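Below: one structure, written as structure tokens.
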Amino acid sequence: MSDAGAALVPVGVFGGTFNPVHYGHLRSGLELVERLHLERLHLMPCAVPPHREAPSCSAEHRSAMVALAVAGEPHLVCDPRELRRNGHSYTYDSLVELRAELGEGHSLCLVMGYDAVLNLDTWYRWQELLLLAHIVVLARPGWRLPGEGVVATWLAAHRVRDRDILRQHPAGSVLVEELRPLAISSTEIRELLAAGRSARYLLPEPVLDYIESNRLYQP
Ligand code: ATP
């Protein structure tokens, strides 16, 4: 799969539990769209996470909150495809679907936090992900990629520093991007709400309204 020379416009896909989605996800997504000139970025809630316990909140609620959060921002879209599959939500399967929809020549970028890269070798068919997409790693303050082990060797073989590669090839490279750090996590939001405290200004108002009207994360 190679299309060197043509200017491709990459599509991005950013997976997560989004329990709930917050401004850390949204701002990073938008900065990435602008920096990498993405056609759009799919925020893809994970229905049944293979690597962590089932989220307290249903995939339908988490997906509805993502849809509310991105309403009005044409470059960010909610992609509920993992809710339509049974069993564990494997990113590999989602990339196969997206690749089939986009066609062989379209550039596709899987976005993941650097924390996810640390245990990438536990992911289903992890070494085949780059056959389907590029991987863009979001670095956070104090980040360090693995220095030894299979993931380190894999990184050394595939990491690029030139963003133009994403516009020249449909898949196959790993790019690391440092974005504006926003110290917000879904865990903290859930803890605030469970303690009866306000989570205002950490996530969009319509998402907070949804949380309140559906009595999610309540004390
Ligand atoms: P939790 O606290 O429940 O683990 P989270 O806030 O880390 O949730 P996830 O849905 O697990 O959110 O994250 C999805 C992706 O977003 C991950 O790749 C994660 O690294 C990234 N991410 C999470 N918070 C931020 C943030 N504040 N800024 C940038 N990226 C983030």
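Calculated accessible area for the chain comes out at 49 Å² per residue, all protein chains present (probe 1.4 Å; ligands, DNA, RNA ignored). Using Cβ point charges alone (K and R +1, D and E -1), the dipole size of the chain about the Cα centre works out to roughly 300 debye.
Which of the trypsin sites (Lys or Arg not before Pro) across region 168-219 are loop residues per DSSP, with 16 or fewer other Cβ within 10 Å?
Sparse-neighbourhood loop trypsin sites (Lys or Arg not before Pro): ARG197, ARG200, ARG215.
In sequence order, region 204-210 has phi-based couplings of x, 4, x, 6, 4, 4, 4 Hz under the Karplus curve 6.51 cos²θ - 1.76 cosθ + 1.60, θ = phi - 60°, and Gly or Pro positions carry x. Rounded, prolate or oblate, given the Cα gyration tensor of region 68-139, with a/c below 1.5 counting as rounded? Since a/c stays below 1.5, the shape of region 68-139 is classed as rounded. Protein-only accessible surface at a 1.4 angstrom probe places the residues TRP154, TRP123, TRP143 in the order TRP143, TRP123, TRP154, largest first. Measuring gaps between exposed loop sites in the chain (GluC sites (Glu not before Pro); DSSP loop; at most 16 other Cβ atoms within 10 Å), the longest gap, sites not included, is 149-219.
When a/c reaches 1.5 or more, the comparison of a/b and b/c decides; with that in mind, is the chain rounded, prolate or oblate per its Cα gyration tensor? Prolate.
Taking amide H as placed 1.01 Å from N in the peptide plane, LEU43 has its amide H under 5 Å from the amide H of PHE14, VAL77, CYS78, ASP79, each at least 5 places away in sequence or on another chain. For THR17, the residues whose amide H sits under 5 Å from its own are CYS46, ignoring neighbours fewer than 5 places away on the same chain, with H placed 1.01 Å from N. Of the residues LEU108, ASN19, SER94, the one whose Cα sits farthest toward the positive end of the charge dipole of the chain, with +1 on the Cβ of Lys and Arg and -1 on the Cβ of Asp and Glu, is ASN19.
Looking at the square roots a ≥ b ≥ c of the eigenvalues of the Cα gyration tensor of region 1-106, which shape do they give, rounded for a/c under 1.5, prolate if a/b is larger than b/c, or oblate? Since a/c reaches 1.5 but b/c is at least a/b, the shape of region 1-106 is classed as oblate. For region 166-219, the fraction of 1.4 Å probe accessible surface lying on carbon and sulfur atoms is 46 percent. Using C-alpha pairs under 8 Å with a sequence gap of at least 6, the mean separation divided by the residue count of region 16-144 gives a relative contact order of 23 percent. In the chain, the longest principal axis of the Cα atoms and the axis of helix 59-70 are about 80 degrees apart. Here region 81-191 is treated with +1 on each Lys and Arg Cβ and -1 on each Asp and Glu Cβ, and its dipole about the Cα centre works out to around 120 debye. Give me the percent of the accessible area of region 1-112 that comes from carbon and sulfur atoms, probe 1.4 Å, all protein chains in place. That fraction is 52 percent. Calculated mean residue ellipticity at 222 nm for the chain: -10000 deg cm²/dmol, from DSSP H runs with n ≥ 4 weighted as -39500 (n - 2.57), summed, divided by the residue count and rounded to 500.
The values are calculated or read from the model by the stated rules, or taken from the named source; none is laboratory data. Remember, predicted model here, so these are calculated numbers, not experimental data. So basically every Cβ, Gly included, is an ideal-geometry build from the backbone, and we count neighbours across all protein chains shown. We work out accessible area using only protein heavy atoms, side chains counted, and drop any ligands, DNA or RNA first. Shrake-Rupley method; radii C 1.70, N 1.55, O 1.52, S 1.80 Å.
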